[in-house]
1. Go through (1) within 17 Å of residue 132 (Cβ to Cβ); (2) acidic (Asp, Glu); (3) surrounded by 16 or more Cβ atoms within 10 Å (Cβ to Cβ); (4) more than 17 Å from the chain's Cα centre (by Cα) one by one and return the number of the condition residue 169 breaks.
2. Among the residues in the range 99-116, are any part of a loop (DSSP other than H, G, I, E, B), of a type outside the set (Lys, Arg) and surrounded by 21 or more Cβ atoms within 10 Å (Cβ to Cβ)?
3. Exactly one of these conditions fails for residue 179: (1) among the charged types (D, E, K, R); (2) at pLDDT 85 or above; (3) crowded, with 16+ Cβ neighbours inside 10 Å. Give me its number.
4. Looking at the range 217-255, which of its residues are in a loop (DSSP other than H, G, I, E, B), at pLDDT 85 or above and within 27 Å of residue 160 (Cα to Cα)?
5. Where residues in the range 45-70 are assigned to a strand (DSSP E or B) and more than 14 Å from residue 23 (Cβ to Cβ), which of them is modelled with the lowest pLDDT?
6. Of the residues 55, 51, which is aliphatic (A, V, I, L, M), touching a strand residue (DSSP E or B) at 6+ places or on another chain (Cβ under 8 Å) and buried (at least 18 other Cβ atoms within 10 Å of the Cβ)?
7. Just for the range 218-252: of the residues that are over 22 Å from the mean Cα position of the chain (by Cα) and under 15 Å from residue 190 (Cβ atoms), which one is surrounded by the most Cβ atoms within 10 Å (Cβ to Cβ)?
Amino acid sequence: MDSGSSGGIWIDLDSNDYPHMSYHVSDGINQAIKYAEWTGSTWSTKTVESMTNNMYSPSIVLDSNDLPHITYIKAPGLDIKYAYWTGSGWSVETIDTIGDASSCISLALDKNQNPHVCYNHWNGGKNLRYAQKKNGYWNIQIVDSNEWVGKYNSLTLDSKDCAHISYSEEIKETLKYTKWVLPNTLLPSICIYPNPFVPSENSQVTFRLTADMKVEIYTLSAEIVKELTDEDGDGQIEWDGRNSTGQNVASGVYIVLAITPNNEKKTGKLAIIR
């Protein structure tokens, strides 16, 4: 299928049960993340990215159109990279920079083909992080802030697109499990995470309640700051901490008003620390 020293392989099957693989190869000088698919009669290979610095830990998931989505780590800054095949070429972007070795990255796609990624962040305290892309932005959250967690991790999504993650804790030599719990519409208040919201640590804050809701954010003096809508209808809205004119709002406490499709209103408070 291919030649060269390999440092990691991941596989997924398409709608015809044909295998697709992402893998790392090296000839001793050059490094590459590559992609291979079985066409039914032969192997077809493509290079996702190549360079002289190290790249490793590739993973692959196919979307509903059998197009590949791949994550991997790239030196020298050890960036968490995400790439997907557009049909004519690779679109590659950086999710985060971790600064040192992480053993694996886990990737999953939700019903809207949005990527969800789990990885260990070395420079950020050797903690476990979870990144989700929606509306063109990556929302990065710290799942477990303890040190030496998540070097080995695995991510999957349930029927509601909520993340379930299993991961290692090196110091205690234990296996851990966590999941995102989607609140139901009977909860007395909207679910806000992270709260407090620290923009220097998390790119967005997430509001969850019910599908097709809208959210209005107010100051304590009842001045409207931002209006948001659930464009995907998945009961989740992200906010980057900017007002309606695109300016960063100040540190403080804000009122969050969520309005359901039947005009039921839920309120909560959000603290922002800059």
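1. Answer for residue 169: the failing condition is (1).
2. Here is the first cut: in the range 99-116, the residues part of a loop (DSSP other than H, G, I, E, B) are 99-104, 110-114.
After this cut, where a residue has to be of a type outside the set (Lys, Arg) as well, the list is 99-104, 110, 112-114.
Adding the requirement that they be surrounded by 21 or more Cβ atoms within 10 Å (Cβ to Cβ) leaves 102, 104.
For the range 99-116, residues part of a loop (DSSP other than H, G, I, E, B), of a type outside the set (Lys, Arg) and surrounded by 21 or more Cβ atoms within 10 Å (Cβ to Cβ): present.
3. (3)
4. Matches in the range 217-255: 230, 240, 241.
5. It comes out as 51.
6. Details: 51 fails: buried (at least 18 other Cβ atoms within 10 Å of the Cβ).
When all the criteria are applied, what remains is 55.
7. Here is the first cut: in the range 218-252, the residues over 22 Å from the mean Cα position of the chain (by Cα) are 218-227, 243-252.
Okay, now just the ones that are also under 15 Å from residue 190 (Cβ atoms), so 218, 226-227.
Working: 218: 15, 226: 18, 227: 11.
It comes out as 226.
Every residue, every condition in (1) among the β-branched types (Val, Ile, Thr); (2) part of a loop (DSSP other than H, G, I, E, B), yes or no:
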| residue | (1), (2) |
| --- | --- |
| 212 | no, yes |
| 215 | yes, no |
| 257 | no, no |
| 261 | no, yes |
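The values are calculated or read from the model by the stated rules, or taken from the named source; none is laboratory data. Computed from a predicted structure; not experimentally measured. In this analysis, Cβ positions are derived from the backbone assuming ideal geometry, glycine residues included, and neighbour counts consider all displayed protein chains.
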